[in-house]
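Written below as structure tokens is the structure these notes are about.
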Number of protein chains: 2
Amino acid sequence: MKGQRIRACHVKLAGMGKARAGRQIQFGGQSRYRLEAGEAFSDLAVSAAVSALSAAGREIGDIDCIVCGMATPMQAIPCNAALIHERLARGLDIPALDINTTCTSFLSALDMMSLMIEAGRYDRVLLISGDRASAALNPKERESYELFSDGAAACVLERTKEQDCGILYSCQKTWSEGAHDTEIRGGGSLLPIASMNGENRDAYCFSMKGSRILKLCAQKLPGFVEQCFREAGIKREEIRMTIPHQASRALEVLMPRLGFPAGTYVNRVAEYGNMVSASIPYALCEAVEEGVINRGDLVLLLGTAAGLTANFLLLRY
Amino acid sequence: MKGQRIRACHVKLAGMGKARAGRQIQFGGQSRYRLEAGEAFSDLAVSAAVSALSAAGREIGDIDCIVCGMATPMQAIPCNAALIHERLARGLDIPALDINTTCTSFLSALDMMSLMIEAGRYDRVLLISGDRASAALNPKERESYELFSDGAAACVLERTKEQDCGILYSCQKTWSEGAHDTEIRGGGSLLPIASMNGENRDAYCFSMKGSRILKLCAQKLPGFVEQCFREAGIKREEIRMTIPHQASRALEVLMPRLGFPAGTYVNRVAEYGNMVSASIPYALCEAVEEGVINRGDLVLLLGTAAGLTANFLLLRY
């Protein structure tokens, strides 16, 4: 299978942090968090980053590269990492860049930056994920309008000599049959902001074809997951905890079909819903803080994203 | 200096391609190209990618990863590479991802993907850059309104056993003092599309503070370039040709100050202006097609981007 990695990479998630928006709302007994007046998404991203630095016992000057693995921009230009740099690293010359695979951006960035570290390019990277999903929700599409929370999560990733620590395997796939099942059609070069009018406003909102996504996932993911396990040479029972992208309430239907019964994976959909690119790192950070995941544990990070993209990443935490 | 790489990386730009928009316009004797009716930016990106595959003697099925190194999205969601995947690779499972450092996205992506190839993660990557700058220009800001062209460029990047071929050195820096000197403030989570009204439309357009950018460049770039040369252990006279980002007409003022007299670097500002992320790969592709750059030549790719970000990449073509 193309696009996989089997050998170990000796990097360590030295510290993590998270932040969620302040305004709690309820939909059908489920909690969601949205930005409140005066709160900016960049505040959440900076807060998560500061917590991650603190947890790692580091300062911003110790960081070699600032990476945002986010699905959506804070501004159309410049990239998100430059705007985080402005808040955290003004006056320093740390390189800043964005990596985007929508909801699995954290996994793609973790994969890529760990290899950059292994290659000697950087020693220590600050990786921040998160989105303000609420900026583009459509009240008319209840399924998605009631699903998302605004949040951010961050980690400090660094080279380590510890042997029992790192990324053991990573694989990403994209099946573009699903490119338009999850989308915001407008706002880019194909349907610019300047073309918005009274008739086409919905095209500038988030749109999700839930049943089509589930069908494509059901078709592609079982084989993908099996192949990843086989290539990684790891058995399900070796995994301490699986952290899936908190895509939707369908998580509890999909995960058992992929061989993950209840209790083997983190499900926080009722508590937070879908936090887009923050979903996986937020849940990972929470699991670490709550002692569910400890140093040396084998953790599977497993996500789907608009694309349709899927990421499978085995981490020895 | 942090963020640099000195050792060689044995990858090859096996083929390149380019495409520019069809409608030619003139501003003060300089040519610019903008999309014409019925032409989509994705058509340019796909055309450049198809040419690159053809020049490399490859088909899409030979590619392990599709990467878009672009400054702006085609849609707000999903990422650009998923939308290119849909046009070129539908039915295949090639991973697709975006890397963004605005105007130097091609250099950041070339740097990162070459290390991914060296690390064994991928064998052959299709990298596409380009933007439809014209989607967000403000007619009231003449300096930028008259500067940009819409274009795209692509390359196939692959592992090689050839010794005299590859990326010899790469360095990126970001100085966020310049974060708002080049920007599109609106359209992201900080000033969402839904917040646009009659009063704030300009905030959703591209804005460039030319004299501030030049001042910051004059302050930061000379030291940056000197340090890169020193770390790389390369002298200016060893370089066959330098391809700078075609930022603006000020190129011919800035380059000599950085130690690059006329004739040592490519200047196509009069012919195309600034093609955002396509600028450098478009000029590189053109120089290769015209025989200015040949196999074995040492080429310096040097760019600045919104951020302010600067990239310095030495390529043995």
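The values are calculated or read from the model by the stated rules, or taken from the named source; none is laboratory data. Note that the structure is predicted; figures quoted are calculated from it, not measured. For neighbour counting, all protein chains shown are included, and Cβ atoms are generated from backbone atoms with ideal geometry for every residue, glycine included. We work out accessible area using only protein heavy atoms, side chains counted, and drop any ligands, DNA or RNA first. Shrake-Rupley method; radii C 1.70, N 1.55, O 1.52, S 1.80 Å.
Quick one: A:Ala76 ticks every box in (1) more than 11 Å from chain B (Cβ to nearest Cβ); (2) among the aliphatic types (A, V, I, L, M); (3) crowded, with 24+ Cβ neighbours inside 10 Å except a single one, so which number is it?
Condition not satisfied by A:Ala76: (1).
Yes or no: region A:168-181 includes at least one residue that is among the charged types (D, E, K, R) and buried (at least 19 other Cβ atoms within 10 Å of the Cβ).
yes
Of all residues being among the aliphatic types (A, V, I, L, M) and within 14 Å of chain A (Cβ to nearest Cβ) in region B:283-313, which is surrounded by the most Cβ atoms within 10 Å (Cβ to Cβ)? Just the residue, please.
By that ranking, first place goes to B:Ala305.
Taking region A:94-104 as the search range and keeping residues that are among the hydrophobic types (A, V, I, L, M, F, W, C) and not in a loop (DSSP other than H, G, I, E, B), which one is surrounded by the fewest Cβ atoms within 10 Å (Cβ to Cβ)?
Once the filter is applied, the top-ranked residue is A:Cys103.
Out of curiosity, is B:Ser51 within 24 Å of B:Gly296 (Cα to Cα), hydroxyl-bearing (Ser, Thr, Tyr) and touching a residue at least 40 places away in the same chain (Cβ under 8 Å)?
Criteria met by B:Ser51.
Answer yes or no: is there a residue in region A:270-279 that is β-branched (Val, Ile, Thr) and out of contact with any helix residue (DSSP H, G or I) (no Cβ under 6 Å at 6 or more places or on another chain).
So far as region A:270-279 goes, no, none of its residues is β-branched (Val, Ile, Thr) and out of contact with any helix residue (DSSP H, G or I) (no Cβ under 6 Å at 6 or more places or on another chain).
Could you list, ordered by first residue, the pairs with Cβ atoms under 6 Å in which the first is in region B:289-311 and touching a residue at least 40 places away in the same chain (Cβ under 8 Å) and the second is assigned to a strand (DSSP E or B) and aromatic (Phe, Trp, Tyr), at least 6 apart or interchain?
B:Leu302/B:Phe312
Applying the selection to region A:108-123, what residues are in a helix (DSSP H, G or I) and touching a residue at least 40 places away in the same chain (Cβ under 8 Å)?
Those that are in a helix (DSSP H, G or I) and touching a residue at least 40 places away in the same chain (Cβ under 8 Å): A:Ser108, A:Ala109, A:Leu110, A:Asp111, A:Met113, A:Ser114, A:Leu115, A:Met116, A:Ile117, A:Glu118.
Of the residues A:Ala203, A:Ala194, which single one is in a helix (DSSP H, G or I), facing another protein chain (nearest Cβ under 8 Å) and closer than 21 Å to B:Ile77 by Cβ?
It is A:Ala194.
Yes or no, residue by residue, for (1) facing chain B (nearest Cβ under 7 Å); (2) open to solvent by 10 Å² or more (accessible area, probe 1.4 Å); (3) of a type outside the set (A, V, I, L, M, F, W, C):
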residue: A:Ala82; (1), (2), (3): yes, no, no
residue: A:Ala89; (1), (2), (3): yes, no, no
residue: A:Leu92; (1), (2), (3): no, yes, no
residue: A:Arg124; (1), (2), (3): no, yes, yes
residue: A:Glu143; (1), (2), (3): no, yes, yes
residue: A:Ala154; (1), (2), (3): no, no, no
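Conditions: (1) more than 14 Å from chain A (Cβ to nearest Cβ); (2) closer than 20 Å to B:Gly307 by Cα; (3) surrounded by 14 or more Cβ atoms within 10 Å (Cβ to Cβ). B:Lys215 meets all but one. Number of the miss?
Of the numbered conditions (1) more than 14 Å from chain A (Cβ to nearest Cβ); (2) closer than 20 Å to B:Gly307 by Cα; (3) surrounded by 14 or more Cβ atoms within 10 Å (Cβ to Cβ), the odd one out for B:Lys215 is (3).
Looking at (1) more than 9 Å from chain B (Cβ to nearest Cβ); (2) surrounded by fewer than 24 Cβ atoms within 10 Å (Cβ to Cβ); (3) among the aliphatic types (A, V, I, L, M); (4) in contact with a His (Cβ under 9 Å, 6 or more places away or on another chain), can you tell me which one A:Leu107 breaks?
So A:Leu107 meets the others, but not (2).
Read through the list (1) hydroxyl-bearing (Ser, Thr, Tyr); (2) open to solvent by 10 Å² or more (accessible area, probe 1.4 Å); (3) closer than 22 Å to B:Gln219 by Cα, then give the number of the only condition that B:Tyr317 fails.
The one condition B:Tyr317 does not meet is (3).
With the requirement that a residue be more than 9 Å from chain A (Cβ to nearest Cβ) and among the aliphatic types (A, V, I, L, M), what does region B:156-189 give you?
Across region B:156-189, the qualifying residues are B:Val156, B:Leu157, B:Ile167, B:Leu168.
Can you pull out every residue in region B:194-212 that is in contact (Cβ under 8 Å) with a residue 60 or more places away in the chain, among the hydrophobic types (A, V, I, L, M, F, W, C) and either touching a Gly at 6+ places or on another chain (Cβ under 6 Å) or surrounded by fewer than 18 Cβ atoms within 10 Å (Cβ to Cβ) (or both)?
None - no residue of region B:194-212 is in contact (Cβ under 8 Å) with a residue 60 or more places away in the chain, among the hydrophobic types (A, V, I, L, M, F, W, C) and either touching a Gly at 6+ places or on another chain (Cβ under 6 Å) or surrounded by fewer than 18 Cβ atoms within 10 Å (Cβ to Cβ) (or both), so the list stays empty.
Scan A:Ala232, A:Ala270 and give me the residue that is over 25 Å from B:Glu86 (Cβ atoms), in contact with a strand residue (DSSP E or B) (Cβ under 6 Å, 6 or more places away or on another chain) and surrounded by fewer than 17 Cβ atoms within 10 Å (Cβ to Cβ).
A:Ala270
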